[in-house]
Amino acid sequence: MKTQVAIIGAGPAGLCLARMLSLHGIHSIILERQTRAYVEARVRAGMLEQGMVELMRRAGVASRLDKEGLVHSGFKLIFDNQISHIDLASLTGGKQMVIYGQTELTKDLYDSVLADSNIQVFFGAQEVCPSGFLEEKPRVSFYYQNTAYTLSCDYLAGCDGYHGVTRAAIPKSCLREYERTYPFGWLGLLSDTPPLDEEAIYIHHQRGFALCSMRSRTRSRYYLQVPLSEQVSDWSDQDFWDELRRRLPASLADSLITGPSFEKSIAPLRSFVVEPLRFGSLFLVGDAGHIVPPTGAKGLNLAASDVHYLSTALIAWYQEGRSDLLDRYSATALHRIWAAVRFSWWFTSVTHKFSDDPIEQKIQLAELDYLLQSTAGQTTIAENYVGLDLAEDFV
Ligand code: RFL
Ligand code: PHB
């Protein structure tokens, strides 16, 4: 079996990369460990940067996103029981965010990828093992429906997330890993109830961080900071709503509409980057190469900028024989990744409870107060939140 680009992982990064390549006549095969239904059901991101929306449009998969996505021109930040507004659009020259669930985005990508004759997807691929990255033709061995296959390709894209096999297939001595784990997680809940507000609300509270977000005008997404020792089964819906109300100012707590949840899960928080993002003919893309805590809403958006850079570089190689963009993929992507790692770490560090030491909270409040009372401070937050510009030589 052979293809031009072998892609491991059919999450948003792998699917989007395959589509961008196909638009330029480049063939790819995607190997995915799970079933389509499993990947589609994973509830994760919701807040998309304009750059991600534009990538989806270029990939020809944005018609539902353009119709159903909720445009957000700002968000709210509550600390010391005071509500501040970050007016993203006016602080960034008109940039906005769009709320559209990763579940929906993945469904749209699957619909188009599975109808695309330049792309073949193997769901339920087992024991996927990439090798030969420094040889002329790298390969991937795998099992599909109990039969062993070997796929030969020109290039390999590791789009298999943080727990995938591609990063692990690179010799340890050739990579440098940077990692910070946080002593808490986010307990998320989805419910078919109207959102608390038309914008996302980030809440600093002495009991811990909370976030009020949404998926549509009738579907809400809420998160609570919880200790890593907690299990989802420790939290009934009533416990969740009671704790969320405690972390909200009274006026908002009174207007919170609650209802039965249909999804609850706990996600650990982590900052992680591996350098470089290339080893021979293997390129790491999205969560396979980097993870950020979700506070800055950057994970999926970074996967999108990686896809933009790598697809541009591969297209330049196949169409013009140019390898300079492939050579610069890692450094260019990492520049934007580190900016998002810094912002996501910072936003987490000023909004979450790390200890019971009262000086911690006082310093967080002083920092938030200092930044929010000045236009310069608000602009710094807004520019990072909407996402930094892409490198010009890859546009
Ligand atoms: P994914 O989505 O993890 O997909 C990887 C795919 O690879 C498959 N795979 C394998 N396939 C074959 N063989 C193997 N050995 C394999 N191992 C793994 C997996 O089954 C899977 O299908 O990575 P990708 O494509 O890089 O996408 C990254 C995003 O999913 C992630 O960054 C975001 O969800 C992060 N994130 C957010 N990002 C945003 O930009 N905005 C947000 O608002 C936002 N909110 C969030 C988030 C992540 C969260 N959690 C749960 C961590 C909120 C939360 C709570
Ligand atoms: C979400 O809607 O799931 C969401 C929104 C903003 C974030 C993280 C997650 O920062």
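Since every read-out is calculated from the coordinates, none of them should be taken as a lab result. It should be emphasised that the depicted structure is a prediction, and the values quoted were computed from it without experimental measurement. Please note: Cβ atoms are built from the backbone with ideal geometry, for glycine as well, and neighbour counts cover all protein chains shown.
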Next item on the list: Go through segment 177-187 residue by residue and turn each phi into a ³J(HN,Hα) via Karplus (6.51, -1.76, 1.60, θ = phi - 60°); whole Hz please, and just put x for glycine and proline.
Entry: 10, 10, 8, 9, 9, 10, x, 7, x, 10, 8
Note to self: Amide H of Ser265 versus every other amide H placed in the peptide plane: which residues, excluding those fewer than 5 positions away on the same chain, fall under 5 Å?
What the structure shows: Gly188
Next item on the list: Please give the length that would be gained between His85 and Tyr143 if that part of the chain were fully extended, namely 0.36 nm times their separation in residues minus their C-alpha to C-alpha distance (nm, one decimal).
Entry: 15.7 nm
Check: Between Phe262 and Tyr162, what FRET efficiency follows from the Cβ-Cβ distance if R0 is 25 Å, with the result rounded to 0.05?
Finding: 0.45
Notebook entry, point to check: Ranking Met1, Met214 by Cβ neighbours within 10 Å, fewest first, what do you get?
Noted result: Met1, Met214
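Counting GluC sites (Glu not before Pro) as exposed when in a DSSP loop with at most 10 other beta carbons within 10 Å, what is the longest stretch of the chain free of them? All intermediate terms of the calculation are to be shown ahead of the outcome.
Values: sites that count: Glu135, Glu136.
The segment 137-395 is the longest one with no such site.
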Notebook entry, point to check: Which value in deg cm²/dmol, rounded to the nearest 500, describes the helix-derived mean residue ellipticity at 222 nm for the chain, given -39,500 (n - 2.57) per DSSP H run of n ≥ 4 and division by the residue count?
Noted result: -11000 deg cm²/dmol
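Note the full-extension length gain between Thr375 and Thr218 as 0.36 nm times their separation in residues minus their Cα-Cα distance, in nm to one decimal.
53.2 nm
How large is the dipole of the chain about the Cα centre if only Lys and Arg carry +1 and Asp and Glu carry -1, each at its Cβ, rounded to the nearest 20 debye? Intermediate results must be reported in sequence, preceding the final value.
Numbers: 37 positive and 46 negative charges, 109 e Å.
Its charge dipole is roughly 520 debye.
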Check: Which far-off residues, 5 or more places away or on another chain, put their amide H under 5 Å from the one on Ala10, with H placed in the peptide plane?
Finding: Arg33
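Once you wrap a convex hull around the alpha carbon atoms of segment 276-380, what is its projected area averaged over all directions, in nm²? Provide the component values of the computation, followed by the final result.
On the way: hull surface 33.5 nm².
Reported value for the Cα convex hull: 8.4 nm².
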Check: Using a simple spin-label model with points 7 Å from Cα along the Cα→Cβ vector, what separation in nm is obtained for Asp192 and Ala253?
Finding: 2.9
Item checked: Under 24 Å from Lys137, Cα to Cα: lysines that are on another chain or at least 8 residues apart -> Lys2, Lys172
Margin query: Can you return the lysines within cross-link range of Lys362? Criterion is Cα-Cα under 23 Å, with same-chain partners fewer than 8 residues away left out.
Written below: Lys76, Lys353
Margin query: In whole Hz and in residue order, list the ³J(HN,Hα) couplings for segment 25-41 that follow from phi through the Karplus curve 6.51 cos²θ - 1.76 cosθ + 1.60, θ = phi - 60°; x for Gly and Pro.
Written below: x, 9, 8, 9, 10, 9, 10, 10, 5, 8, 8, 4, 4, 5, 5, 5, 7
Next item on the list: Taking only Cα atoms and a 10 Å spring cutoff, compute GNM fluctuations for the chain and point out the largest among Val273, Val232, Val350.
Entry: Val232
Next item on the list: Distance from a point 7 Å along Cα→Cβ of Trp338 to each backbone N in segment 178-207: keep the residues under 20 Å and list them by number.
Entry: 178-181
Note to self: Once you keep just the Cα pairs under 8 angstrom separated by 6 or more residues, what percentage relative contact order results for the chain?
What the structure shows: 20
Margin query: Checking the cross-link filter: which lysines have an alpha carbon closer than 20 Å to that of Lys67, excluding same-chain neighbours under 8 positions apart?
Written below: Lys95, Lys107
Notebook entry, point to check: If amide H atoms are built 1.01 Å from N in the plane of the peptide, which residues on other chains or at least 5 residues away come under 5 Å of the amide H of Phe209?
Noted result: Gln225, Lys353
Note to self: Normalised radius of gyration for the chain, please: alpha carbon Rg relative to 2.2 N^0.38 Å, two decimal places.
What the structure shows: 1.00
